[in-house]
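One structure is given here, and the rest of the page talks about it.
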Amino acid sequence: MRVYIGCFGSGLGHATRMLEIARELDARGAELEFSSSGEVAALIESKGYRCNKIPLADVRYSDAGEFLVKDTILDSPAILGRTMKQFASELRNIGRFAPDAVLSDSALPTTIAGKLLRIPTYTVLNQLSLTSSHGRKSAPSRLFSVGMSAGMGKLWELSDRVFLPDLPPPHTISEKNLWGSGVDNTSYVGFLFSRERHEPDQAAAEFASSAKPKVFWQVSGPPMTRAAFLESALDFGARLSDEFSFVVSGGDPTGSTAPRKIGPVWYYEWCNIADVYFRACDVVVSRAGHGTIAQALVSAKPMLLVPIPKQPEQEGNADKASRLGTSVVLQQRALTPDDVRDALRSLSGGPFREKARALGDVASGSDARSAIVAALESGARRARRGPG
């Protein structure tokens, strides 16, 4: 079986999910080829896969990491132009590779190209709606969100099936990004997360043996959103080291994987043993990306979430995780050492840990990887038999 996998090129969670599928397909002898953009493509290539590089078509962020709605709207002609270039590239790439099935993680040009080429096409998606931004919303923001949601929803329906890598109601983390979208042919398959297991290095061994509550601070998200959050991680890690042990991952997939001490804090530019820290820590501090929340819950760890400012998907994820009782949410512009200390104290206690453990038990009852791979194999068999 030959499978072509397209990953949205902003945010590493898409690649993490698809690399998990790729490992299962590898074990079954499949031939694979990827497509993506920027550092996501670099991460895929670092795992030994061929990845066709396509232009990045993403929204705009400020230097402080805030989602810029008006700038994104003004830049929409250029974004559309890059999207059309992606589509043209995917038509060529998929046509050349001639796969038996196409799998897209939030990559709309891949989905459309696969269907136009009459190949069984499946999509993994945790954001069908763009209308989840809560609080005060400007008129441009509302119009942009509603218009994009309606139009893109119909395009996602081109997929033979849309897999939602989340827990079914009432535990759905992405409920504000999924519910009410009106997209047919969808199914919840549970969290799709990395199952890799690594051995601890020196920093991880020291971290695990600490008598203080242990905090794994994982920086993630598009490159423009990481610098301010990383600065906070290193600053607060030093200030609060009297009470907590910190390890910080900078989230740069092209960075060094060797840990180094910055004051009292162990720091990785890129932590390739994150699974070790998810198991060893008492609390995870992170953005509110869907993949990180899923990994923390599967590891039964409570979370301090700091969503990317004004980013609708992350605001929705953080709000739901908080309502489920597994997380405390703080806003980036209001972060203070005292607030972080208070949140970490609360999260290290019983109620949050019990809620996280209970939801982790729910998450462990599903197998998204097997469900998606089974669909790919079924679609490939039908395609090889042909019509009738």
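Values quoted throughout were computed directly from the atomic coordinates according to the rules given, and no laboratory measurement underlies them. Note that this is a predicted model, so its numbers are computed, not measured. Every residue, glycine as well, gets a Cβ built from its backbone with ideal geometry; the counts of neighbours run over all protein chains shown.
Computed quantities for the displayed model
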| read-out | value |
| --- | --- |
| Spin-label model distance (nm) - Arg2 vs Ser322, 7 Å beyond Cα toward Cβ | 4.9 |
| Cβ-placed point charges (K, R +1; D, E -1), dipole of segment 302-388 about Cα centre in debye, nearest 20 | 500 |
| For segment 211-217, Karplus couplings with θ = phi - 60° (6.51, -1.76, 1.60), whole Hz, Gly/Pro x | 7, 7, x, 9, 10, 9, 9 |
| For the chain, fraction of C-alpha pairs farther apart than 40 Å, in % | 12 |
| Longest to shortest principal axis, alpha-carbon extents of segment 228-310, angstrom | 30, 30, 28 |
| Nearest-20 debye value, the chain charge dipole, Cβ charges on Lys, Arg, Asp, Glu | 860 |
| Per-pair calculated FRET efficiency, R0 = 30 Å: Glu157 and Thr257 via Cβ, rounded to 0.05 | 0.15 |
| Charge sum, other residues only, whose C-beta stays under 15 Å from Arg260's C-beta, Lys/Arg counted +1 and Asp/Glu -1 | -3 |
| Nearest 10 degrees, 0 to 90: helix 350-363 Cα axis against the chain principal axis | 20 |
| Taking segment 202-363 and dividing mean pair separation by its residue count, relative contact order in percent (alpha carbons under 8 Å, at least six apart) | 21 |
| Computed over the chain: relative contact order in percent, which uses C-alpha pairs under 8 Å that are six or more apart | 17 |
| Segment 172-328: proportion of alpha-carbon pairs further apart than 27 angstrom, % | 22 |
| Most positive-pole-ward Cα, Tyr268, Pro337, Ser348, against dipole of segment 252-388 from beta carbon charges | Tyr268 |
| Segment 1-41: trypsin sites (Lys or Arg not before Pro) in DSSP coil with no more than 16 other Cβ atoms inside 10 Å | Arg28 |
| Between helix 13-27 and the chain: long-axis angle, C-alpha atoms, 0 to 90°, nearest 10 | 60 |
| Stretchable slack from Ala334 to Ser364, in nm (0.36 nm times residue separation minus alpha-carbon distance) | 7.3 nm |
| Estimated [θ] at 222 nm from DSSP helical runs (n ≥ 4, -39500 (n - 2.57)) normalised by residues in the chain, nearest 500 | -14000 deg cm²/dmol |
| Estimated dipole of segment 202-363 in Debye, rounded to 20 [Cβ of Lys and Arg +1, of Asp and Glu -1, Cα centre] | 160 |
| Label-zone membership for segment 209-251, site Leu68, 7 angstrom Cα→C-beta point, backbone N under 20 Å | 221-230 |
| Neighbour-limited loop hits for trypsin sites (Lys or Arg not before Pro), segment 81-130 (at most 10 other Cβ within 10 Å; DSSP other than H, G, I, E, B) | Arg118 |
| Charge dipole of the chain about the Cα centre (unit charges at C-beta), most positive-ward option of Ser76, Thr257, Leu304 | Ser76 |
| Residues in segment 364-388 reached by a label modelled at Leu117 [backbone nitrogen below 19 Å; 7 Å Cα→Cβ] | 376-387 |
| Net length gained if the chain between Asp184 and Asp26 were fully extended (0.36 nm per residue, minus Cα distance) | 53.9 nm |
| Among Ser299, Ser35, Ser241, residue whose mean-square fluctuation peaks in a GNM of the chain (springs only between Cα atoms under 10 Å) | Ser241 |
